[in-house]
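The values are calculated or read from the model by the stated rules, or taken from the named source; none is laboratory data. The model shown is predicted, which means the values in this text are computed figures rather than measured ones. Quick reminder, even Gly has a Cβ in these numbers, built from the backbone with ideal geometry, and neighbours come from all protein chains shown.
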There are 2 protein chains.
Amino acid sequence: MIDSFLKCDHNGRMSGDQRREQILQTAVSLFSNRGFSGTTTKEIATASGVSEAMVFRHFASKDVLFAAILEAKMCNDGLHTFPWETNEALIAAMKVKDDFAVFYEFGKQALEKHQADIGFMRLLFYSALEEHELAERFFGEFVKKIYDFLGDYLRERQNEGAIRQMDPRIIVRSFLGMLIHHSLNNILWDKKRSILDITNDTAARSFAEMILCGASNECKQRAA
Amino acid sequence: MIDSFLKCDHNGRMSGDQRREQILQTAVSLFSNRGFSGTTTKEIATASGVSEAMVFRHFASKDVLFAAILEAKMCNDGLHTFPWETNEALIAAMKVKDDFAVFYEFGKQALEKHQADIGFMRLLFYSALEEHELAERFFGEFVKKIYDFLGDYLRERQNEGAIRQMDPRIIVRSFLGMLIHHSLNNILWDKKRSILDITNDTAARSFAEMILCGASNECKQRAA
DNA sequence: ATCCAGTGAGTAAGCACTTACTTAGTGCAG
DNA sequence: CTGCACTAAGTAAGTGCTTACTCACTGGAT
(Lines give C-alpha, C1' and ligand atoms only; values in the text may rest on other atoms or scores of the structure.)
Protein backbone atom coordinates (compact mmCIF):
# COMPACT_ATOMS: atom_id res chain seq x y z
CA MET A 1 0.00 0.00 0.00
CA ILE A 2 2.41 2.63 1.30
CA ASP A 3 5.51 1.63 -0.59
CA SER A 4 3.52 1.39 -3.80
CA PHE A 5 3.70 5.18 -3.71
CA LEU A 6 7.47 5.00 -3.57
CA LYS A 7 7.76 2.96 -6.71
CA CYS A 8 8.34 5.84 -9.04
CA ASP A 9 10.84 4.22 -11.38
CA HIS A 10 9.10 4.16 -14.72
CA ASN A 11 11.45 1.67 -16.26
CA GLY A 12 11.12 -1.23 -13.88
CA ARG A 13 8.25 -3.63 -13.48
CA MET A 14 5.07 -2.14 -12.07
CA SER A 15 1.95 -3.54 -10.50
CA GLY A 16 -1.03 -3.85 -12.83
CA ASP A 17 -2.89 -0.93 -11.27
CA GLN A 18 0.15 1.30 -11.36
CA ARG A 19 0.87 0.55 -15.00
CA ARG A 20 -2.74 0.99 -15.95
CA GLU A 21 -2.79 4.40 -14.31
CA GLN A 22 0.47 5.37 -15.96
CA ILE A 23 -0.74 4.40 -19.44
CA LEU A 24 -3.95 6.33 -18.77
CA GLN A 25 -2.08 9.51 -17.82
CA THR A 26 0.23 9.19 -20.83
CA ALA A 27 -2.78 8.75 -23.09
CA VAL A 28 -4.50 11.82 -21.63
CA SER A 29 -1.47 13.89 -22.44
CA LEU A 30 -1.14 12.54 -25.99
CA PHE A 31 -4.85 12.69 -26.85
CA SER A 32 -5.09 16.23 -25.54
CA ASN A 33 -2.13 17.28 -27.66
CA ARG A 34 -2.89 15.46 -30.89
CA GLY A 35 -6.53 14.37 -30.66
CA PHE A 36 -7.93 10.86 -30.76
CA SER A 37 -7.23 9.90 -34.37
CA GLY A 38 -3.99 11.86 -34.31
CA THR A 39 -2.55 9.62 -31.59
CA THR A 40 -1.40 6.02 -32.24
CA THR A 41 -1.41 3.18 -29.76
CA LYS A 42 2.27 2.69 -30.54
CA GLU A 43 2.99 6.26 -29.41
CA ILE A 44 1.07 5.71 -26.18
CA ALA A 45 3.00 2.49 -25.52
CA THR A 46 6.41 4.01 -26.25
CA ALA A 47 5.68 7.10 -24.14
CA SER A 48 4.60 4.79 -21.31
CA GLY A 49 7.81 2.80 -21.62
CA VAL A 50 6.10 -0.50 -22.46
CA SER A 51 5.27 -2.50 -25.55
CA GLU A 52 2.07 -1.96 -27.48
CA ALA A 53 0.73 -5.30 -26.25
CA MET A 54 0.67 -3.99 -22.69
CA VAL A 55 -1.64 -1.16 -23.70
CA PHE A 56 -4.06 -3.74 -25.05
CA ARG A 57 -3.69 -5.94 -21.98
CA HIS A 58 -5.01 -3.08 -19.85
CA PHE A 59 -7.50 -1.60 -22.32
CA ALA A 60 -9.30 -3.88 -24.75
CA SER A 61 -9.26 -1.28 -27.52
CA LYS A 62 -8.30 2.29 -28.26
CA ASP A 63 -11.94 3.28 -27.79
CA VAL A 64 -12.06 1.59 -24.39
CA LEU A 65 -8.92 3.49 -23.40
CA PHE A 66 -10.60 6.74 -24.37
CA ALA A 67 -13.73 5.79 -22.45
CA ALA A 68 -11.58 5.05 -19.39
CA ILE A 69 -10.08 8.52 -19.68
CA LEU A 70 -13.55 10.06 -19.74
CA GLU A 71 -14.53 8.08 -16.67
CA ALA A 72 -11.39 9.09 -14.81
CA LYS A 73 -11.69 12.75 -15.79
CA MET A 74 -15.36 12.91 -14.89
CA CYS A 75 -14.79 11.31 -11.48
CA ASN A 76 -11.46 12.72 -10.35
CA ASP A 77 -11.13 16.17 -11.77
CA GLY A 78 -13.79 17.77 -9.70
CA LEU A 79 -16.58 17.53 -12.20
CA HIS A 80 -18.82 16.47 -9.41
CA THR A 81 -17.56 19.11 -7.05
CA PHE A 82 -19.08 22.45 -7.92
CA PRO A 83 -17.60 25.79 -6.90
CA TRP A 84 -20.49 26.48 -4.54
CA GLU A 85 -19.77 23.28 -2.66
CA THR A 86 -16.16 23.97 -1.77
CA ASN A 87 -15.33 27.66 -2.20
CA GLU A 88 -16.04 29.16 1.20
CA ALA A 89 -15.51 32.74 0.12
CA LEU A 90 -18.17 32.20 -2.54
CA ILE A 91 -20.61 30.64 -0.08
CA ALA A 92 -20.07 33.49 2.37
CA ALA A 93 -20.53 36.11 -0.37
CA MET A 94 -23.82 34.51 -1.38
CA LYS A 95 -25.11 34.57 2.15
CA VAL A 96 -24.58 38.29 2.54
CA LYS A 97 -25.58 38.89 -1.09
CA ASP A 98 -22.37 40.62 -2.03
CA ASP A 99 -22.94 40.33 -5.78
CA PHE A 100 -19.48 41.50 -6.74
CA ALA A 101 -17.81 38.95 -4.46
CA VAL A 102 -20.04 36.18 -5.80
CA PHE A 103 -19.02 36.81 -9.41
CA TYR A 104 -15.43 37.59 -8.55
CA GLU A 105 -14.93 34.40 -6.53
CA PHE A 106 -16.73 32.28 -9.08
CA GLY A 107 -14.74 33.79 -11.96
CA LYS A 108 -11.38 33.51 -10.28
CA GLN A 109 -11.90 29.88 -9.36
CA ALA A 110 -12.98 29.09 -12.94
CA LEU A 111 -9.98 30.85 -14.51
CA GLU A 112 -7.59 29.09 -12.16
CA LYS A 113 -9.17 25.72 -12.82
CA HIS A 114 -8.82 26.24 -16.57
CA GLN A 115 -5.19 27.23 -16.23
CA ALA A 116 -4.41 24.28 -13.96
CA ASP A 117 -5.77 21.69 -16.35
CA ILE A 118 -5.04 22.83 -19.86
CA GLY A 119 -4.89 19.18 -20.94
CA PHE A 120 -8.48 18.64 -19.86
CA MET A 121 -9.59 21.82 -21.65
CA ARG A 122 -7.98 20.66 -24.88
CA LEU A 123 -9.46 17.18 -24.48
CA LEU A 124 -12.88 18.75 -24.01
CA PHE A 125 -12.55 20.73 -27.21
CA TYR A 126 -11.32 17.75 -29.18
CA SER A 127 -14.24 15.77 -27.79
CA ALA A 128 -16.70 18.46 -28.78
CA LEU A 129 -15.32 18.65 -32.32
CA GLU A 130 -15.10 14.89 -32.76
CA GLU A 131 -18.47 14.51 -31.04
CA HIS A 132 -17.22 12.09 -28.43
CA GLU A 133 -19.27 11.37 -25.37
CA LEU A 134 -17.18 13.53 -23.02
CA ALA A 135 -18.39 16.84 -24.42
CA GLU A 136 -22.04 15.88 -24.13
CA ARG A 137 -21.71 14.53 -20.60
CA PHE A 138 -19.65 17.50 -19.47
CA PHE A 139 -22.28 19.86 -20.80
CA GLY A 140 -25.18 17.94 -19.29
CA GLU A 141 -23.61 17.21 -15.93
CA PHE A 142 -21.63 20.36 -15.32
CA VAL A 143 -22.40 23.34 -17.53
CA LYS A 144 -26.18 23.05 -17.25
CA LYS A 145 -25.95 23.00 -13.47
CA ILE A 146 -23.87 26.16 -13.51
CA TYR A 147 -26.56 27.88 -15.56
CA ASP A 148 -29.15 26.70 -13.06
CA PHE A 149 -27.12 27.76 -10.06
CA LEU A 150 -26.11 31.24 -11.23
CA GLY A 151 -29.52 31.69 -12.87
CA ASP A 152 -31.30 30.95 -9.58
CA TYR A 153 -29.12 33.41 -7.70
CA LEU A 154 -29.71 36.12 -10.28
CA ARG A 155 -33.46 35.54 -10.27
CA GLU A 156 -33.47 35.93 -6.51
CA ARG A 157 -31.57 39.20 -6.80
CA GLN A 158 -33.95 40.35 -9.51
CA ASN A 159 -36.90 39.80 -7.20
CA GLU A 160 -35.08 41.91 -4.61
CA GLY A 161 -34.72 44.67 -7.18
CA ALA A 162 -30.92 44.53 -7.28
CA ILE A 163 -30.70 43.40 -10.85
CA ARG A 164 -32.44 44.50 -14.01
CA GLN A 165 -35.33 42.46 -15.36
CA MET A 166 -33.97 40.33 -18.19
CA ASP A 167 -33.48 36.63 -18.92
CA PRO A 168 -30.86 35.65 -16.31
CA ARG A 169 -29.54 32.98 -18.66
CA ILE A 170 -28.31 35.73 -20.97
CA ILE A 171 -26.36 37.23 -18.07
CA VAL A 172 -24.88 33.81 -17.27
CA ARG A 173 -23.98 33.24 -20.91
CA SER A 174 -22.29 36.62 -21.06
CA PHE A 175 -20.28 36.03 -17.90
CA LEU A 176 -19.24 32.49 -18.80
CA GLY A 177 -18.40 33.82 -22.26
CA MET A 178 -15.95 36.30 -20.79
CA LEU A 179 -14.32 33.65 -18.59
CA ILE A 180 -14.10 30.81 -21.08
CA HIS A 181 -13.11 33.00 -24.00
CA HIS A 182 -10.36 34.54 -21.90
CA SER A 183 -9.04 31.10 -20.93
CA LEU A 184 -9.33 29.92 -24.51
CA ASN A 185 -7.24 32.84 -25.66
CA ASN A 186 -4.55 31.97 -23.15
CA ILE A 187 -4.61 28.25 -23.93
CA LEU A 188 -5.22 28.14 -27.65
CA TRP A 189 -4.98 31.35 -29.63
CA ASP A 190 -2.60 33.67 -27.87
CA LYS A 191 -0.45 31.50 -25.64
CA LYS A 192 2.17 34.21 -25.37
CA ARG A 193 -0.56 36.67 -24.37
CA SER A 194 0.64 39.19 -26.89
CA ILE A 195 -2.72 40.95 -27.03
CA LEU A 196 -3.69 40.97 -23.38
CA ASP A 197 -1.53 39.83 -20.48
CA ILE A 198 -3.39 40.16 -17.20
CA THR A 199 -3.50 38.09 -14.03
CA ASN A 200 -6.45 35.84 -13.25
CA ASP A 201 -7.22 38.19 -10.40
CA THR A 202 -7.40 41.26 -12.62
CA ALA A 203 -9.47 39.35 -15.16
CA ALA A 204 -11.95 38.02 -12.59
CA ARG A 205 -12.24 41.47 -11.02
CA SER A 206 -12.82 43.19 -14.37
CA PHE A 207 -15.30 40.63 -15.64
CA ALA A 208 -17.27 40.66 -12.38
CA GLU A 209 -17.42 44.45 -12.44
CA MET A 210 -18.56 44.54 -16.04
CA ILE A 211 -21.22 41.87 -15.72
CA LEU A 212 -22.66 43.49 -12.61
CA CYS A 213 -22.77 46.97 -14.09
CA GLY A 214 -24.20 45.49 -17.26
CA ALA A 215 -26.94 43.78 -15.31
CA SER A 216 -27.57 46.48 -12.76
CA ASN A 217 -30.72 48.57 -12.55
CA GLU A 218 -28.78 51.81 -12.33
CA CYS A 219 -27.37 51.94 -15.83
CA LYS A 220 -29.54 53.84 -18.30
CA GLN A 221 -27.98 52.51 -21.48
CA ARG A 222 -30.65 52.17 -24.19
CA ALA A 223 -32.79 49.09 -23.79
CA ALA A 224 -34.83 49.78 -26.96
CA MET B 1 -16.02 31.16 -68.84
CA ILE B 2 -19.73 31.79 -68.50
CA ASP B 3 -21.03 28.33 -69.24
CA SER B 4 -18.48 26.83 -66.87
CA PHE B 5 -20.89 28.05 -64.18
CA LEU B 6 -23.68 26.04 -65.71
CA LYS B 7 -21.87 22.75 -65.53
CA CYS B 8 -23.30 21.54 -62.29
CA ASP B 9 -23.46 17.83 -63.01
CA HIS B 10 -21.10 16.25 -60.54
CA ASN B 11 -20.85 12.93 -62.28
CA GLY B 12 -19.69 13.96 -65.74
CA ARG B 13 -16.31 15.13 -66.86
CA MET B 14 -15.23 18.48 -65.47
CA SER B 15 -12.57 20.98 -66.41
CA GLY B 16 -9.45 20.88 -64.30
CA ASP B 17 -10.30 24.07 -62.44
CA GLN B 18 -13.84 22.98 -61.72
CA ARG B 19 -12.78 19.60 -60.39
CA ARG B 20 -10.06 21.18 -58.30
CA GLU B 21 -12.56 23.55 -56.76
CA GLN B 22 -15.03 20.74 -56.12
CA ILE B 23 -12.45 18.55 -54.40
CA LEU B 24 -11.42 21.55 -52.33
CA GLN B 25 -14.98 22.21 -51.14
CA THR B 26 -15.54 18.54 -50.37
CA ALA B 27 -12.32 18.48 -48.37
CA VAL B 28 -13.31 21.58 -46.39
CA SER B 29 -16.52 19.89 -45.38
CA LEU B 30 -14.83 16.64 -44.39
CA PHE B 31 -11.87 18.22 -42.57
CA SER B 32 -14.21 20.50 -40.65
CA ASN B 33 -16.32 17.54 -39.58
CA ARG B 34 -13.65 14.99 -38.79
CA GLY B 35 -10.41 16.94 -38.51
CA PHE B 36 -7.25 16.52 -40.58
CA SER B 37 -6.04 13.12 -39.38
CA GLY B 38 -9.61 11.92 -39.04
CA THR B 39 -10.24 12.35 -42.78
CA THR B 40 -8.80 10.01 -45.42
CA THR B 41 -7.95 10.89 -48.99
CA LYS B 42 -10.15 8.00 -50.07
CA GLU B 43 -13.13 9.61 -48.36
CA ILE B 44 -12.40 12.92 -50.04
CA ALA B 45 -12.17 11.22 -53.44
CA THR B 46 -15.37 9.20 -53.02
CA ALA B 47 -17.31 12.21 -51.74
CA SER B 48 -16.04 14.17 -54.75
CA GLY B 49 -17.16 11.41 -57.09
CA VAL B 50 -13.69 10.67 -58.47
CA SER B 51 -10.90 8.20 -57.87
CA GLU B 52 -8.23 8.83 -55.28
CA ALA B 53 -5.70 9.37 -58.06
CA MET B 54 -7.55 12.50 -59.17
CA VAL B 55 -7.17 14.05 -55.73
CA PHE B 56 -3.40 13.62 -56.05
CA ARG B 57 -3.39 14.95 -59.61
CA HIS B 58 -4.75 18.25 -58.28
CA PHE B 59 -3.00 18.35 -54.90
CA ALA B 60 0.46 16.86 -54.57
CA SER B 61 -0.21 15.65 -51.02
CA LYS B 62 -2.79 15.74 -48.25
CA ASP B 63 -0.80 18.55 -46.62
CA VAL B 64 -0.80 20.57 -49.83
CA LEU B 65 -4.57 20.10 -50.04
CA PHE B 66 -4.93 21.43 -46.51
CA ALA B 67 -2.67 24.37 -47.31
CA ALA B 68 -4.82 25.13 -50.37
CA ILE B 69 -7.89 25.18 -48.15
CA LEU B 70 -6.22 27.66 -45.80
CA GLU B 71 -5.29 29.86 -48.75
CA ALA B 72 -8.81 29.74 -50.14
CA LYS B 73 -10.43 30.40 -46.78
CA MET B 74 -8.12 33.28 -45.99
CA CYS B 75 -8.69 34.93 -49.37
CA ASN B 76 -12.35 34.25 -50.10
CA ASP B 77 -14.19 34.13 -46.85
CA GLY B 78 -13.90 37.75 -46.00
CA LEU B 79 -10.88 37.51 -43.81
CA HIS B 80 -9.52 40.55 -45.54
CA THR B 81 -12.83 42.38 -45.44
CA PHE B 82 -13.44 43.73 -41.99
CA PRO B 83 -16.86 44.68 -40.64
CA TRP B 84 -15.99 48.37 -40.60
CA GLU B 85 -15.19 48.27 -44.30
CA THR B 86 -18.54 46.97 -45.52
CA ASN B 87 -21.21 47.33 -42.82
CA GLU B 88 -22.72 50.75 -43.53
CA ALA B 89 -24.90 50.81 -40.44
CA LEU B 90 -21.77 50.30 -38.38
CA ILE B 91 -19.88 53.04 -40.19
CA ALA B 92 -22.78 55.43 -39.74
CA ALA B 93 -23.11 54.56 -36.04
CA MET B 94 -19.43 55.26 -35.52
CA LYS B 95 -19.70 58.65 -37.16
CA VAL B 96 -22.45 59.82 -34.84
CA LYS B 97 -20.86 57.97 -31.91
CA ASP B 98 -23.94 55.93 -31.14
CA ASP B 99 -22.10 53.45 -28.94
CA PHE B 100 -25.02 51.06 -28.65
CA ALA B 101 -25.45 50.88 -32.42
CA VAL B 102 -21.72 50.34 -32.90
CA PHE B 103 -21.63 47.31 -30.65
CA TYR B 104 -25.01 46.03 -31.75
CA GLU B 105 -24.13 46.16 -35.47
CA PHE B 106 -20.71 44.68 -34.89
CA GLY B 107 -22.11 41.90 -32.74
CA LYS B 108 -24.95 41.02 -35.04
CA GLN B 109 -22.68 40.81 -38.07
CA ALA B 110 -20.25 38.59 -36.16
CA LEU B 111 -22.97 36.22 -34.93
CA GLU B 112 -24.43 35.91 -38.41
CA LYS B 113 -21.04 35.29 -39.95
CA HIS B 114 -20.37 32.52 -37.43
CA GLN B 115 -23.72 30.92 -38.12
CA ALA B 116 -23.28 31.14 -41.89
CA ASP B 117 -19.93 29.38 -41.90
CA ILE B 118 -19.97 26.76 -39.22
CA GLY B 119 -17.55 24.70 -41.30
CA PHE B 120 -14.96 27.46 -41.14
CA MET B 121 -15.45 27.86 -37.39
CA ARG B 122 -14.89 24.16 -36.84
CA LEU B 123 -11.86 24.19 -39.14
CA LEU B 124 -10.44 27.10 -37.16
CA PHE B 125 -10.79 25.22 -33.89
CA TYR B 126 -9.27 22.06 -35.31
CA SER B 127 -6.42 24.17 -36.62
CA ALA B 128 -5.90 25.80 -33.26
CA LEU B 129 -5.83 22.45 -31.45
CA GLU B 130 -3.61 20.78 -34.02
CA GLU B 131 -1.50 23.93 -34.21
CA HIS B 132 -1.84 24.28 -37.95
CA GLU B 133 -0.92 27.52 -39.61
CA LEU B 134 -4.51 28.69 -40.13
CA ALA B 135 -5.16 29.46 -36.48
CA GLU B 136 -2.01 31.54 -36.14
CA ARG B 137 -2.61 33.49 -39.34
CA PHE B 138 -6.26 34.05 -38.51
CA PHE B 139 -5.33 35.42 -35.13
CA GLY B 140 -2.57 37.65 -36.46
CA GLU B 141 -4.36 38.94 -39.52
CA PHE B 142 -7.91 39.21 -38.24
CA VAL B 143 -8.40 39.03 -34.50
CA LYS B 144 -5.57 41.40 -33.63
CA LYS B 145 -6.99 44.02 -36.00
CA ILE B 146 -10.37 43.75 -34.35
CA TYR B 147 -8.76 44.43 -30.97
CA ASP B 148 -7.00 47.42 -32.48
CA PHE B 149 -10.12 48.75 -34.15
CA LEU B 150 -12.55 48.42 -31.25
CA GLY B 151 -9.79 49.42 -28.83
CA ASP B 152 -9.14 52.64 -30.73
CA TYR B 153 -12.84 53.49 -30.80
CA LEU B 154 -13.17 52.84 -27.07
CA ARG B 155 -10.09 54.92 -26.25
CA GLU B 156 -11.56 57.80 -28.21
CA ARG B 157 -14.83 57.52 -26.29
CA GLN B 158 -12.87 57.34 -23.04
CA ASN B 159 -11.17 60.63 -23.84
CA GLU B 160 -14.60 62.09 -24.46
CA GLY B 161 -15.69 60.89 -21.02
CA ALA B 162 -18.34 58.51 -22.31
CA ILE B 163 -16.63 55.40 -21.07
CA ARG B 164 -14.97 54.49 -17.82
CA GLN B 165 -11.19 54.57 -17.53
CA MET B 166 -9.97 51.00 -17.85
CA ASP B 167 -7.87 48.99 -20.30
CA PRO B 168 -10.06 49.01 -23.44
CA ARG B 169 -8.65 45.61 -24.44
CA ILE B 170 -10.42 44.09 -21.44
CA ILE B 171 -13.70 45.52 -22.73
CA VAL B 172 -12.98 44.10 -26.19
CA ARG B 173 -12.11 40.71 -24.74
CA SER B 174 -15.31 40.69 -22.72
CA PHE B 175 -17.45 41.61 -25.71
CA LEU B 176 -15.79 39.16 -28.11
CA GLY B 177 -16.06 36.57 -25.35
CA MET B 178 -19.82 36.98 -25.22
CA LEU B 179 -20.14 36.74 -29.00
CA ILE B 180 -17.76 33.87 -29.67
CA HIS B 181 -18.84 31.86 -26.64
CA HIS B 182 -22.47 32.23 -27.68
CA SER B 183 -21.69 31.04 -31.21
CA LEU B 184 -19.58 28.21 -29.84
CA ASN B 185 -22.46 27.05 -27.71
CA ASN B 186 -24.74 26.99 -30.72
CA ILE B 187 -22.20 25.26 -32.97
CA LEU B 188 -20.45 22.87 -30.65
CA TRP B 189 -21.96 22.23 -27.24
CA ASP B 190 -25.64 22.93 -27.33
CA LYS B 191 -26.62 22.57 -30.97
CA LYS B 192 -30.25 22.08 -30.02
CA ARG B 193 -30.04 25.24 -27.91
CA SER B 194 -31.61 23.50 -24.94
CA ILE B 195 -30.16 26.00 -22.46
CA LEU B 196 -30.68 29.25 -24.32
CA ASP B 197 -32.52 29.70 -27.59
CA ILE B 198 -32.46 33.33 -28.69
CA THR B 199 -32.18 35.03 -32.08
CA ASN B 200 -28.95 36.63 -33.20
CA ASP B 201 -30.73 39.95 -32.95
CA THR B 202 -31.71 39.44 -29.31
CA ALA B 203 -28.22 38.19 -28.51
CA ALA B 204 -26.47 41.14 -30.20
CA ARG B 205 -28.84 43.58 -28.51
CA SER B 206 -28.35 42.05 -25.06
CA PHE B 207 -24.58 41.77 -25.35
CA ALA B 208 -24.25 45.35 -26.63
CA GLU B 209 -26.39 46.63 -23.78
CA MET B 210 -24.44 44.71 -21.17
CA ILE B 211 -21.01 45.64 -22.43
CA LEU B 212 -21.94 49.32 -22.63
CA CYS B 213 -23.47 49.43 -19.16
CA GLY B 214 -20.50 47.49 -17.89
CA ALA B 215 -18.10 49.99 -19.38
CA SER B 216 -20.11 53.14 -18.72
CA ASN B 217 -19.14 55.88 -16.29
CA GLU B 218 -22.55 55.92 -14.69
CA CYS B 219 -22.51 52.57 -12.97
CA LYS B 220 -21.24 52.68 -9.40
CA GLN B 221 -20.53 48.99 -8.96
CA ARG B 222 -17.52 48.49 -6.72
CA ALA B 223 -14.21 49.04 -8.46
CA ALA B 224 -12.11 48.16 -5.39
C1' DA C 1 -3.67 12.53 -83.54
C1' DT C 2 -3.26 14.70 -79.46
C1' DC C 3 -4.57 16.52 -75.33
C1' DC C 4 -6.16 15.69 -70.69
C1' DA C 5 -9.82 14.35 -67.27
C1' DG C 6 -10.16 10.22 -65.25
C1' DT C 7 -9.17 5.23 -63.68
C1' DG C 8 -7.70 0.37 -61.81
C1' DA C 9 -4.51 -1.77 -59.85
C1' DG C 10 -1.00 -1.30 -57.57
C1' DT C 11 3.08 -0.19 -53.37
C1' DA C 12 5.28 0.54 -49.03
C1' DA C 13 4.50 2.14 -44.77
C1' DG C 14 1.51 2.52 -40.85
C1' DC C 15 -2.52 1.24 -38.29
C1' DA C 16 -5.14 -1.31 -34.37
C1' DC C 17 -4.88 -5.39 -32.46
C1' DT C 18 -3.12 -10.65 -31.53
C1' DT C 19 -0.31 -14.53 -30.70
C1' DA C 20 3.09 -17.26 -28.69
C1' DC C 21 6.32 -16.78 -25.74
C1' DT C 22 9.72 -15.11 -21.69
C1' DT C 23 10.65 -13.20 -17.29
C1' DA C 24 9.98 -11.55 -12.60
C1' DG C 25 7.64 -11.82 -8.27
C1' DT C 26 4.91 -14.66 -4.63
C1' DG C 27 3.24 -18.08 -1.65
C1' DC C 28 4.07 -22.39 0.39
C1' DA C 29 5.39 -27.47 1.08
C1' DG C 30 9.38 -29.72 2.64
C1' DC D 1 15.98 -21.31 3.96
C1' DT D 2 15.24 -23.64 -0.40
C1' DG D 3 13.07 -25.10 -4.44
C1' DC D 4 9.18 -25.27 -7.13
C1' DA D 5 4.43 -24.39 -8.79
C1' DC D 6 1.78 -20.67 -10.13
C1' DT D 7 0.66 -16.12 -11.61
C1' DA D 8 1.11 -11.64 -13.37
C1' DA D 9 4.06 -8.32 -16.08
C1' DG D 10 6.13 -7.96 -20.09
C1' DT D 11 7.74 -8.59 -25.10
C1' DA D 12 8.95 -9.68 -30.31
C1' DA D 13 7.05 -10.58 -34.10
C1' DG D 14 3.54 -11.02 -36.21
C1' DT D 15 -2.00 -10.47 -38.34
C1' DG D 16 -4.94 -8.37 -41.78
C1' DC D 17 -6.45 -4.12 -42.99
C1' DT D 18 -5.95 0.95 -44.12
C1' DT D 19 -3.28 4.75 -45.33
C1' DA D 20 -1.05 8.17 -48.43
C1' DC D 21 0.57 8.13 -52.68
C1' DT D 22 2.05 6.24 -57.79
C1' DC D 23 1.80 4.84 -62.51
C1' DA D 24 0.64 2.81 -66.72
C1' DC D 25 -3.22 3.18 -69.12
C1' DT D 26 -8.09 4.79 -71.45
C1' DG D 27 -11.58 7.12 -73.87
C1' DG D 28 -13.90 11.22 -75.46
C1' DA D 29 -13.55 16.07 -77.20
C1' DT D 30 -11.28 19.18 -80.27
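Scanning for something at the interface with chain A (Cβ under 8 Å from one of its Cβ atoms), at pLDDT 95 or above and touching a helix residue (DSSP H, G or I) at 6+ places or on another chain (Cβ under 6 Å), does the range B:130-148 turn up at least one residue? There is at least one residue in the range B:130-148 that is at the interface with chain A (Cβ under 8 Å from one of its Cβ atoms), at pLDDT 95 or above and touching a helix residue (DSSP H, G or I) at 6+ places or on another chain (Cβ under 6 Å). Among the residues of the range A:173-184, the one identified as more than 7 Å from every other protein chain (Cβ to nearest Cβ) and polar (S, T, N, Q) is A:Ser183. Kindly indicate whether any position in the range A:93-116 is at pLDDT below 95, outside any helix (DSSP H, G or I), away from chain B (no Cβ under 14 Å) and more than 16 Å from DNA strand D (Cβ to nearest atom). Looking for residues that are at pLDDT below 95, outside any helix (DSSP H, G or I), away from chain B (no Cβ under 14 Å) and more than 16 Å from DNA strand D (Cβ to nearest atom), one finds none in the range A:93-116, hence no. Here A:Gly161 meets each of (1) assigned to a helix (DSSP H, G or I); (2) more than 10 Å from chain B (Cβ to nearest Cβ) with one exception, condition (1).
Contact map, the range A:156-181: first residue within 18 Å of A:Ser206 (Cβ to Cβ), second residue at pLDDT below 90 and buried (at least 22 other Cβ atoms within 10 Å of the Cβ), Cβ cut-off under 8 Å, separation 6 or more or different chains; pairs are A:Ile171/A:Gly214; A:Ile171/A:Ala215; A:Ser174/A:Gly214.
Against the list (1) within 16 Å of DNA strand D (Cβ to nearest atom); (2) assigned by TED's automatic domain parsing to the domain that holds A:Glu21, the condition A:Val64 fails is (1). Check whether at least one residue in the range B:164-172 is surrounded by 14 or more Cβ atoms within 10 Å (Cβ to Cβ) and more than 9 Å from chain A (Cβ to nearest Cβ), and report yes or no. Yes, some residue in the range B:164-172 is surrounded by 14 or more Cβ atoms within 10 Å (Cβ to Cβ) and more than 9 Å from chain A (Cβ to nearest Cβ). When we screen B:Gly49, B:Gly16, B:Gly35 for residues that are free of Cβ contacts under 8 Å to residues at least 60 places away in the same chain and on the phi > 0 side of the Ramachandran plot, the only hit is B:Gly49. Can you say whether A:Lys192 is of a type in the set (D, E, K, R), over 22 Å from B:Cys213 (Cα atoms), facing another protein chain (nearest Cβ under 7 Å) and surrounded by fewer than 18 Cβ atoms within 10 Å (Cβ to Cβ), as far as the supplied structure shows? Considered against the rule, which asks whether it is of a type in the set (D, E, K, R), over 22 Å from B:Cys213 (Cα atoms), facing another protein chain (nearest Cβ under 7 Å) and surrounded by fewer than 18 Cβ atoms within 10 Å (Cβ to Cβ), A:Lys192 comes out as no. A:Met94: out of contact with any Leu (no Cβ under 8 Å at 6 or more places or on another chain) and within 16 Å of DNA strand C (Cβ to nearest atom), yes or no? Against the criterion (out of contact with any Leu (no Cβ under 8 Å at 6 or more places or on another chain) and within 16 Å of DNA strand C (Cβ to nearest atom)), A:Met94 does not qualify.
The rows are residues; the columns are (1) more than 10 Å from DNA strand D (Cβ to nearest atom); (2) assigned by TED's automatic domain parsing to the domain that holds B:Met121; (3) in contact with a Cys (Cβ under 8 Å, 6 or more places away or on another chain); (4) farther than 18 Å from B:His132 by Cα.
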| site | (1), (2), (3), (4) |
| --- | --- |
| B:Val28 | yes, no, no, no |
| B:Phe36 | no, no, no, no |
| B:Ala45 | no, no, no, yes |
| B:Gly49 | yes, no, no, yes |
| B:Phe56 | no, no, no, yes |
